[in-house]
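The values are calculated or read from the model by the stated rules, or taken from the named source; none is laboratory data. Predicted model, so just to flag it, every value in this text is computed and none were measured. Cβ: placed from backbone, ideal geometry, glycine included. Neighbour counts: every protein chain shown. The accessibility values were calculated without ligands, DNA or RNA, using every heavy atom of the protein model including side chains. Shrake-Rupley method; radii C 1.70, N 1.55, O 1.52, S 1.80 Å.
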Amino acid sequence: MSAQLPHFSTPADAFKTYASVNLVGGQHCKTASSLDVINPANGDVLGQAAASDAGETAFAVQTAKEAQKAWAATPARDRGKAVAAGARAVLEQAEMISQILARETGKAIRTECRGEVAVAADIVEFYGGLGSELKGETVPYNPRMLTMTTLEPLGVVAAILPWNVPLVLMALKIAPALVAGNSVVVKASEEAPFATFLFAEIMMAHLPDGVLNVINGTGKDCGDPLTRHSDVAKVTFTGSEAVGETIYKVAAERIIPTSLELGGKSPMIICADADLDKTVAGAISGMRFTRQGQSCTAASRIYVHADLKDAFMAKLTAQLNEMVIGDPLDEATDIGTIINAKQANVINGFVAQAEATDGAEVIRVGKLPDDAALKPDLFMQPTLLVGLPADHPCVMQEIFGPVAVIETWSDYDDVIEKANATHYGLAASVWTKDLSTALDSTSKLNAGYVQVNQNLTIQPNVSYGGFGRSGLGKEASLEAMIAHFTRSKTIVMNFD
């Protein structure tokens with residue numbers, strides 16, 4: 001364990017330390033090329049991250065492969081203890097990680113970044129305690145034979161991260177993989193890599209060299225060679241549908257397991273008997289407005305019963321107007337920035353389509369910041385779209401921004417049908433005081449993560465994952481660790 005526990009006095013120190021390096025085998029490995037990482041709030045260049053090529057990616061995989069054999073032979077409880085120790089060490093530097101995360105993602109430090117670090121560490125520690133649960137079965141095949149199954153690690157796992165919640169999503173991948181006895185190569189998001197590097201390097205100080213590695217680069221030059229590498233035994237990816245589809249095709253050609261957490265267009269159904277205050281709070285948290293709507297589970301289609309529509313809209317807009325849009329590092333800020341100009345253009349394009357639709361109403365809520373030091377083009381007001389036809393692109397497609405479609409309903413069967421009318425199936429919520437309605441609707445909704453009277457984000461020990469084009473597989477549970485990061489071997493012994 002040659003990796004040293006990193007300590008930085010300022011975020012700038014971290015940006016310098018991680019300039020053009022990968023973390024491989026417990027070492028800082030310089031790369032030949034680099035990528036600028038931009039602070040979306042003000043347009044400043046934070047630093048230069050590694051831009052790994054195929055050779056540098058292959059070196060990380062080879063290092064992970066060499067480390068994995070001894071790690072797999074380590075007792076599972078000991079692996080878990082090491083992983084959990086890493087989680088506790090992360091919490092000791094939670095504020096520095098949060099400061100870095102806010103700068104590179106544009107997310108508000110108070111409402112988003114500190115919480116993300118805490119949840120990510122909690123997920124890692126949760127999995128650290130599950131080493132004892134990696135057990136097989138004895139099979140009553142023949143009383144004169146010993147027949148049993150064992151769970152084995154897969155080998156080298158490639159974990160590819162997005163930029164919106166990089167630490168939580170990394171924790172969901174690396175923690176179960178490591179406890180199960182695999183080694184991991186993480187590909188950080190090139191838009192937001194530095195908090196990922198610090199989080200991982202803190203964990204590395206508690207792990208054997210090469211068991212956990214982090215590289216950075218573009219999808220073309222780094223991500224694609226990683227998924228195609230012959231020594232990668234499993235790919236776990238969170239991100240866009242298009243990239244997920246490509247990874248799935250590559251994995252199919254190689255016949256290796258893959259887990260994918262992709263897009264969503266999650267419905268929120270508000271019944272006539274719902275508690276108005278709770279539904280408004282649930283809409284704000286469920287739409288992930290404090291994350292600028294940049295969430296796969298965002299409740300971006302809100303179906304509100306006609307009896308509550310006017311009161312709901314009045315209270316929702318009033319509360320959104322009270323939220324502060326501004327500098328992510330300001331403790332008063334509730335809502336930060338969109339990640340980059342490319343994503344802002346996508347969001348604005350969808351809103352423009354709504355504005356051009358006859359009978360539609362576009363409601364922008366909240367006050368944009370007027371600080372001259374900030375980059376105005378990447379700040380965006382929460383936006384509500386009313387009166388769109390059911391097949392409109394804003395209704396059917398993932399926008400990945402602070403934009404929610406609001407629709408009134410009065411017929412129960414009709415609203416369930418509309419809620420299920422996309423090719424996504426990630427999350428959904430129902431708001432009602434009636435148990436029969438709750439049970440019936442949750443059974444009929446085509447989503448892998450359905451909640452009643454709440455819109456929680458990912459929680460450890462609560463199975464999470466979608467249906468349809470929202471992806472493959474589950475995360476955040478013991479079952480997910482066993483299903484996605486182990487293989488079952490059947491052993492039959494006969495000494496007659």
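Can you find a residue that is among the charged types (D, E, K, R) and open to solvent by 10 Å² or more (accessible area, probe 1.4 Å) anywhere in segment 295-303? Among the residues of segment 295-303, not one is among the charged types (D, E, K, R) and open to solvent by 10 Å² or more (accessible area, probe 1.4 Å), which makes the answer no.
Within segment 238-248, being closer than 24 Å to ARG288 by Cα and either open to solvent by less than 10 Å² (accessible area, probe 1.4 Å) or charged (D, E, K, R) (or both) holds for THR238, GLU241, GLY244. Tell me, please, whether a residue that is on the phi < 0 side of the Ramachandran plot, part of a strand (DSSP E or B) and either out of contact with any helix residue (DSSP H, G or I) (no Cβ under 8 Å at 6 or more places or on another chain) or open to solvent by less than 10 Å² (accessible area, probe 1.4 Å) (or both) can be found in segment 435-447. Looking through segment 435-447, none of the residues is on the phi < 0 side of the Ramachandran plot, part of a strand (DSSP E or B) and either out of contact with any helix residue (DSSP H, G or I) (no Cβ under 8 Å at 6 or more places or on another chain) or open to solvent by less than 10 Å² (accessible area, probe 1.4 Å) (or both).
All of (1) within 22 Å of the chain's Cα centre (by Cα); (2) within 22 Å of GLY26 (Cα to Cα) hold for ASP231 with one exception: (1). Taking first residues from segment 160-188 that are more than 21 Å from ILE100 (Cβ to Cβ) and partners that are of a type in the set (Val, Ile, Thr) and open to solvent by 10 Å² or more (accessible area, probe 1.4 Å), the Cβ contacts under 7 Å between residues at least 6 apart in sequence or on separate chains come to ALA180/THR486.
Residues of segment 362-413 that are open to solvent by 40 Å² or more (accessible area, probe 1.4 Å), closer than 28 Å to THR442 by Cβ and in a strand (DSSP E or B): THR408 alone. Might you check whether a residue that is within 30 Å of TYR248 (Cβ to Cβ), within 16 Å of the chain's Cα centre (by Cα) and open to solvent by 60 Å² or more (accessible area, probe 1.4 Å) occurs anywhere in segment 476-496? Looking through segment 476-496, none of the residues is within 30 Å of TYR248 (Cβ to Cβ), within 16 Å of the chain's Cα centre (by Cα) and open to solvent by 60 Å² or more (accessible area, probe 1.4 Å). Give me the residue from segment 93-136 that is open to solvent by 10 Å² or more (accessible area, probe 1.4 Å) and hydroxyl-bearing (Ser, Thr, Tyr) and, out of that set, nearest to LEU169 (Cα to Cα). In this case the residue turns out to be THR111. Close Cβ contacts (under 9 Å, 6 or more residues apart or on different chains) running from residues in segment 227-240 that are farther than 19 Å from LEU167 by Cβ and modelled with pLDDT of 95 or more to residues that are in a strand (DSSP E or B) and among the aromatic types (Phe, Trp, Tyr) comprise THR227/PHE237.
To keep it simple, each residue is scored yes or no on (1) open to solvent by 10 Å² or more (accessible area, probe 1.4 Å); (2) within 23 Å of ILE339 (Cβ to Cβ); (3) out of contact with any Cys (no Cβ under 7 Å at 6 or more places or on another chain); (4) not in a loop (DSSP other than H, G, I, E, B).
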position	(1), (2), (3), (4)
ALA19	yes, yes, yes, no
ASP36	yes, yes, yes, yes
GLY43	yes, yes, yes, no
ALA49	no, yes, yes, yes
THR57	no, no, no, yes
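Scanning segment 414-434 for residues that are open to solvent by less than 20 Å² (accessible area, probe 1.4 Å) and either free of Cβ contacts under 8 Å to residues at least 60 places away in the same chain or not polar (S, T, N, Q) (or both) yields a count of 9. When you check ARG79 against the structure, is it more than 25 Å from GLY293 (Cβ to Cβ) and modelled with pLDDT of 95 or more, yes or no? So ARG79 passes the test. Are any of the residues in segment 90-108 part of a helix (DSSP H, G or I), among the basic types (Lys, Arg), under 24 Å from GLY217 (Cβ atoms) and modelled with pLDDT of 95 or more? Taking every residue of segment 90-108 in turn, at least one turns out to be part of a helix (DSSP H, G or I), among the basic types (Lys, Arg), under 24 Å from GLY217 (Cβ atoms) and modelled with pLDDT of 95 or more.
Residue check: VAL211 meets all listed conditions (1) under 17 Å from the mean Cα position of the chain (by Cα); (2) buried (at least 24 other Cβ atoms within 10 Å of the Cβ) but one, namely (1).
Output the residues belonging to segment 323-348 that are touching a helix residue (DSSP H, G or I) at 6+ places or on another chain (Cβ under 9 Å) and of a type outside the set (A, V, I, L, M, F, W, C). Walk me through it before giving the result.
Here is the first cut: in segment 323-348, the residues touching a helix residue (DSSP H, G or I) at 6+ places or on another chain (Cβ under 9 Å) are 323, 328-341, 343-344.
Correct list: PRO328, ASP330, GLU331, THR333, ASP334, GLY336, THR337, ASN340, GLN343.
Does at least one position in segment 249-264 carry a residue that is open to solvent by 40 Å² or more (accessible area, probe 1.4 Å) and of a type in the set (A, V, I, L, M, F, W, C)? Explain how you work it out, then say what you get.
Within segment 249-264, the first condition is being open to solvent by 40 Å² or more (accessible area, probe 1.4 Å), and the residues that meet it are 249, 252-255, 257.
Now drop any that are not of a type in the set (A, V, I, L, M, F, W, C), which leaves 252, 255.
Checked segment 249-264: at least one residue is open to solvent by 40 Å² or more (accessible area, probe 1.4 Å) and of a type in the set (A, V, I, L, M, F, W, C).
Name the single residue that is farthest from SER240 (Cα to Cα) among those in segment 448-467 being open to solvent by 60 Å² or more (accessible area, probe 1.4 Å) and of a type outside the set (A, V, I, L, M). The qualifying residue farthest from SER240 (Cα to Cα) is ASN453.
In segment 127-157, what count of residues is obtained for those that are part of a loop (DSSP other than H, G, I, E, B) and either more than 20 Å from GLU475 (Cα to Cα) or free of Cβ contacts under 8 Å to residues at least 12 places away in the same chain (or both)? Step through it out loud before you land on a result.
Filtering segment 127-157 for residues part of a loop (DSSP other than H, G, I, E, B) gives 129-130, 134-137, 139-145, 154-155.
So of that shortlist, the ones also either more than 20 Å from GLU475 (Cα to Cα) or free of Cβ contacts under 8 Å to residues at least 12 places away in the same chain (or both) come out as 136-137, 139-145.
Number satisfying all stated conditions: 9.
In the set (1) of a type outside the set (S, T, N, Q); (2) open to solvent by 70 Å² or more (accessible area, probe 1.4 Å); (3) in a loop (DSSP other than H, G, I, E, B); (4) in contact with a Phe, Trp or Tyr (Cβ under 9 Å, 6 or more places away or on another chain), HIS28 fails one condition alone, (3). For segment 334-347, indicate whether the set of residues that are open to solvent by less than 30 Å² (accessible area, probe 1.4 Å), over 22 Å from the mean Cα position of the chain (by Cα) and over 26 Å from HIS392 (Cβ atoms) is non-empty. So far as segment 334-347 goes, no, none of its residues is open to solvent by less than 30 Å² (accessible area, probe 1.4 Å), over 22 Å from the mean Cα position of the chain (by Cα) and over 26 Å from HIS392 (Cβ atoms).
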